[in-house]
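The structure appears right after this line, and notes come after that.
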Amino acid sequence: MSAVRLLLSRLGGMERAVVRALPSEPKLSISLELAGSLRHLQREQSEPLGRALARIAASATRAPSKKIRRQQQPDPPPCVRLTYRGLAVSDEALNGEAWRDGAVLEVGEARYLVQRNPPSCLQLELPSRLLAGFPLCPAVRLEFARPELCRFVWYREVLGMPGVEEPGQPQAPADPYEDQAPVEAGDCPEPPAGAGWEEAGRGQLFTPSASDVGLRLKLRCTPGDGQRFGPSRELEAGSPVEAGPGSCTFERRHTFTQHETRDPVLRTASYNVLADVYAQSPTGRTVLFAYCPAHALERDYRQSLLRRELAGYRADVICLQEVDGSVYQESLGPALAAGGMDGVYRGKERQREGLATFFRRSRFSLVGQHDIRLSQALLEDPLHAELLAKLQPYPDARDSVVQRSTALQVSVLQSRSDPSQKICVANTHLYFHPKGGNIRLVQIAVALAHIRRVAYELYPGIPIIFCGDFNSTPTMGMYSFVKNGTIDESHEDWTSNGEEERCNMSLSHPLKLESACGEPEYTNYVVGFNGCLDYIFIDAQRVEVERVIPLPTHEEVTRHRALPSVSHPSDHLALVCDLRLKQIP
């Protein structure tokens, strides 16, 4: 039994004094109820305890009304002291050291159990759309707690029982200080659900069933740090569960990925998930994706589909492009983490989206990150000095390349079963413009040189998996350069944006790369364009293709005219394949 629990058992229920103190901050805060109201006191950590106690004593004295003040003097301040394990803490002790977890604050006759940096749930949010058959993942903001150490309990309403409110009735926000004191992680009795509710499931992820349609859901999060649980926070969903959209484009694909892979095979997925910042832009809603119903472009709706799609692939490595920063933090990151994956994110400089790479934590650990911004690396890294020199005679083309914020994410993963086995996983999203073939050639040259340095010099001989949206069809120079290792100065892509940006040059690279999923007819399908823009390039000397997961049929893709749609969350299709790492003698 912890010291906190022991004190509670001896002293009975007490009020709580919550102390938040971080070494990096000069002040600490003390939150407790005094004179009938919740008070938050800010004190210097370097201040003697006696001054803080005097301030608490002054705050505990009720100020009399003006009428009473003329007739009598205010009550004298109560006696205030702090004890730890039955011994008084010296008034000369500094605040930063005096306020210890499990200490007891005495304010007159009242006693408060001090909780220093208790696990706290600061924010809890649910999606605005709850779809039956699609996993839910709350957005949680925690302090002194970790999601995997928290307790999540889901409840569904029980119709016809006393106490059930009408759907849509607002619920008062939870008071983070109203619950019981933190207890040990292994000793956290679950309080009752309340009238009109029954427990529906546990865990950060929850998938409503068809029988939940029309019912409201409620979530209780009890934050934990592995040693203690903090006060619970409850949230009732703002709308009832809705029926799902029916058959989705990815459901048939999931029949090929019902089981996880095992060494030496790893399942890899690459997917441009369509950033919300583009889907919800005026151009996106009224021009680019005007054929898509407005509700199917909403972030929460698309994220519901995306969470289900990604979970069903059971991939070991996932490379995503066009990931909004907030989506990574609040939706995809937590959902995939709850499913056993860790991730890293690389945002763009001037856009609110970027790249995300996830890997199954039971199989891999991250041992190196070597991300770059391609234009910055071209200008500053001596590795690219020769390429930069070739660009110098073409100032317009050079300026166009430098203005791009394209990033390259390079992660080195180490096998947990065989620490000697490492892989280089690269992820990028090249310049999008149809006339930007010359820019993409320079960008891919920088990317391949950087990947070569990581896989050949920093970690000699490790396999390469290079995923991304390369915005190039198989007939374009970028694809030819990656696959063949050379590009001639006469290639038409050097003049893709006219004579002003012409930058003819010959390039080469030593990597032996091939497209693991071949050359599909298309990986991007919108009204007005369809084509293969996405690839998973592999080091053919060290990696071989075990199996390619079939793409949706043309009928499935066009069932709602184009992508995205009510049954597909992005304008791209995910590439998924099983790769086998070769044993190199």
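The set of residues from region 275-290 being more than 16 Å from N427 (Cβ to Cβ) and part of a loop (DSSP other than H, G, I, E, B) comprises Q280, S281, F289, A290.
Counting only residues that are among the hydroxyl-bearing types (S, T, Y) and touching a residue at least 40 places away in the same chain (Cβ under 8 Å), region 73-103 holds 1 of them. Across region 216-227, the qualifying residues are those that are touching a Gly at 6+ places or on another chain (Cβ under 9 Å) and part of a strand (DSSP E or B), and the one among them that is surrounded by the most Cβ atoms within 10 Å (Cβ to Cβ) is G224.
Would it be correct to say that V213 is open to solvent by 50 Å² or more (accessible area, probe 1.4 Å), touching a Pro at 6+ places or on another chain (Cβ under 8 Å), more than 25 Å from R360 (Cα to Cα) and modelled with pLDDT of 95 or more?
It is true that V213 is open to solvent by 50 Å² or more (accessible area, probe 1.4 Å), touching a Pro at 6+ places or on another chain (Cβ under 8 Å), more than 25 Å from R360 (Cα to Cα) and modelled with pLDDT of 95 or more.
Scanning region 540-560 finds no residues that are under 25 Å from the mean Cα position of the chain (by Cα) and either open to solvent by 50 Å² or more (accessible area, probe 1.4 Å) or modelled with pLDDT of 95 or more (or both). For region 525-537, taking the residues that are open to solvent by 10 Å² or more (accessible area, probe 1.4 Å) and in a strand (DSSP E or B), the one that is nearest to L575 (Cα to Cα) is identified as Y525.
Restricting to region 426-484, name every residue that is of a type in the set (A, V, I, L, M, F, W, C) and free of Cβ contacts under 8 Å to residues at least 40 places away in the same chain.
F432, I444, M476
Just one residue in the set L306, L320, L336, L297 is over 15 Å from the mean Cα position of the chain (by Cα), buried (at least 18 other Cβ atoms within 10 Å of the Cβ) and among the hydrophobic types (A, V, I, L, M, F, W, C); that residue is L297.
Quick one: in region 472-504, which of the residues that are open to solvent by 70 Å² or more (accessible area, probe 1.4 Å) and in contact with an Asp or Glu (Cβ under 9 Å, 6 or more places away or on another chain) is modelled with the lowest pLDDT?
E500
Scanning region 109-134 for residues that are part of a strand (DSSP E or B) and of a type in the set (A, V, I, L, M, F, W, C) gives A110, L113, V114, C121, L122, L124, L131.
Restricting the search to strands (runs of 3 or more DSSP E) fully inside region 291-370 and requiring at least 1 residues that are within 19 Å of Y278 (Cβ to Cβ) and basic (K, R) gives 341-347.
Determine whether region 278-301 contains at least one residue that is more than 13 Å from S331 (Cβ to Cβ), touching a residue at least 40 places away in the same chain (Cβ under 8 Å) and among the charged types (D, E, K, R). No, region 278-301 contains no residue that is more than 13 Å from S331 (Cβ to Cβ), touching a residue at least 40 places away in the same chain (Cβ under 8 Å) and among the charged types (D, E, K, R).
Among the residues here, H259 qualifies as over 24 Å from the mean Cα position of the chain (by Cα) and of a type outside the set (D, E, K, R). Kindly indicate whether any position in region 391-402 is under 28 Å from the mean Cα position of the chain (by Cα), basic (K, R) and either part of a helix (DSSP H, G or I) or crowded, with 17+ Cβ neighbours inside 10 Å (or both). No, because not a single residue in region 391-402 is under 28 Å from the mean Cα position of the chain (by Cα), basic (K, R) and either part of a helix (DSSP H, G or I) or crowded, with 17+ Cβ neighbours inside 10 Å (or both). Would region 344-356 turn up any residue that is among the hydroxyl-bearing types (S, T, Y), under 22 Å from A426 (Cβ atoms) and open to solvent by 50 Å² or more (accessible area, probe 1.4 Å)? Scanning region 344-356 turns up at least one residue that is among the hydroxyl-bearing types (S, T, Y), under 22 Å from A426 (Cβ atoms) and open to solvent by 50 Å² or more (accessible area, probe 1.4 Å). If the condition is being of a type in the set (A, V, I, L, M) and open to solvent by 40 Å² or more (accessible area, probe 1.4 Å), then region 228-263 contributes L235, A243.
The values are calculated or read from the model by the stated rules, or taken from the named source; none is laboratory data. All values derive from a computational prediction rather than experimental measurement. No Cβ is skipped: glycine too gets one built from the backbone with ideal geometry, and neighbour counts run over all protein chains shown. All accessible areas refer to the heavy atoms of the entire protein, side chains included, with ligands and DNA or RNA removed. Shrake-Rupley method; radii C 1.70, N 1.55, O 1.52, S 1.80 Å.
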